[in-house]
1. Between Gly97, Gly130, Gly274, which gets the highest mean-square fluctuation from a Gaussian network model of the chain, Cα cutoff 10 Å?
2. Under a plain spin-label model, where a point goes 7 Å from the Cα along Cα-to-Cβ, how far apart in nm are Leu329 and Arg55?
3. Keeping all protein chains in the complex and leaving out DNA, RNA and ligands, what accessible area do you get for Thr28 with a 1.4 Å probe, in Å² to the nearest 10?
4. For the stretch 216-336, would you read off the P(r) tail past 27 Å as a percentage of all alpha carbon pairs?
5. Using the Karplus equation 6.51 cos²θ - 1.76 cosθ + 1.60 (θ = phi - 60°), what ³J(HN,Hα) coupling, rounded to whole Hz, does each residue of the stretch 239-248 give in order, writing x for Gly and Pro?
6. Using alpha carbons only, how many angstrom separate the centre of the stretch 206-229 from the centre of the stretch 258-337?
7. Given q = 0.19, 0.26 Å⁻¹, what are the Debye log10 I(q)/I(0) values for the stretch 226-271, with equal point scatterers placed on the Cα positions and solvent ignored?
8. So between Leu10 and Ile46, what do we pick up on full extension, going 0.36 nm a residue minus the alpha carbon distance?
Amino acid sequence: MGRSGQTALLGAAVLAILLLLSVIYGTTPIPIAEVLTAICLGTGLIEGEMSPLHRIVFDLRLPRALFATLIGAGLGVVGVILQTTTRNDLADPFLFGLSSGAAAGAVFVITVTGDVLGYWTLPLAAFCGGLVASGVVLGLVHGLRTSAPETLILSGLAVSFLFSALTNYLIFEGDSRAAHSVIFWMLGGLGLARWETFPLVCAGLLLILAYSLYRSRWLDILLAGDLTAQTLGVPVQGLRFWMFFVAALATAAFVSVAGVIGFVGLMVPHIARGIVGPLHRQLLPTAAIVGAVLLTVSDILCRFLLAPQELPVGIVTTSIGSAFVFLLLVRTRKNVH
């Protein structure tokens with residue numbers, strides 16, 4: 001078994017343990033026997049009536065743990081795609097306005113319209129906001145008739161600032177009673193995880209992972225530069241366009257149910273490359289596992305640090321991410337000298 005296979009097995013084992021811990025521990029610890037019984041009852045493996053305790057496990061804690069795994073994996077893969085296609089080691093969904101657009105959509109319904117479509121109002125508004133932001137970025141790039149990395153980055157930054165300004169305006173003009181919900185959502189959280197939106201998150205992860213693995217050879221060639229890639233038959237502009245489009249769809253799906261979770265897409269690619277190297281056939285699955293582990297650990301920490309109060313998970317990931325960037329800078333300086 002190769003190094004990537006060993007990494008996958010180890011990562012899967014660690015992730016399984018973390019998932020179990022995430023379901024067991026919360027405001028009130030639940031015995032593992034009750035957790036397993038609730039899962040069996042909920043999935044129909046055994047017959048019987050679910051108690052309120054079993055409902056807490058199956059309807060609240062289990063989807064939350066699975067959402068942390070899937071969204072962390074998805075954001076890790078998105079980070080790899082964006083860093084490869086732009087050749088920028090600091091690229092992540094924040095840099096291209098994807099998260100800002102989704103945040104603007106969610107804040108709009110929280111402060112202006114309310115739950116006009118019931119439970120689906122917030123996820124749909126955030127999803128549409130993310131798509132609008134990505135559409136504006138792609139429109140700018142298309143209007144400039146280039147998909148050069150620096151053009152894509154500058155367009156993304158402009159759109160990110162625009163939607164951040166819109167979000168702040170909505171917060172300022174909105175109902176002050178909604179401020180807490182807005183802030184908690186903008187800082188990221190998995191408290192809204194429900195089985196109803198589970199297919200949306202699964203679709204986002206499957207889309208980005210399947211398409212990036214399908215184009216993994218082209219992504220490997222792109223590492224050598226645009227000219228080399230074009231010489232070897234890679235349609236560089238088309239590849240960048242579709243990779244960004246698929247990343248936008250996936251990110252909109254993740255942000256629509258979990259809010260804005262920062263730094264996962266930035267950190268995970270660096271960690272994964274340090275484990276298996278830069279080739280995408282091994283890098284993408286590794287990034288998915290690392291991202292899942294990172295967000296699951298962060299979600300567990302956010303419930304313990306100020307217990308019984310819960311921190312937004314974005315605070316934990318941003319804290320870890322800032323420390324990671326400092327370490328990255330120190331390591332870069334040592335390599336220079």
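1. It is Gly274.
2. With each label point 7 Å from Cα toward Cβ, the separation is 5.0 nm.
3. Here the accessible area works out near 80 Å².
4. 32 percent
5. Computed from phi, the couplings for the stretch 239-248 are 4, 4, 4, 6, 5, 5, 4, 5, 4, 5 Hz.
6. Each part reduced to its Cα centre gives a spacing of 23 Å.
7. Values, matching the q order: -0.77, -0.93.
8. 9.9 nm
The values are calculated or read from the model by the stated rules, or taken from the named source; none is laboratory data. Treat the numbers as computed from the prediction; the structure is a model and nothing was measured. All Cβ positions, even for glycine, are placed from backbone atoms using ideal geometry, and neighbour counts span all protein chains on display. Surface accessibility is based on the protein's heavy atoms, side chains included, excluding ligands, DNA and RNA. Shrake-Rupley method; radii C 1.70, N 1.55, O 1.52, S 1.80 Å.
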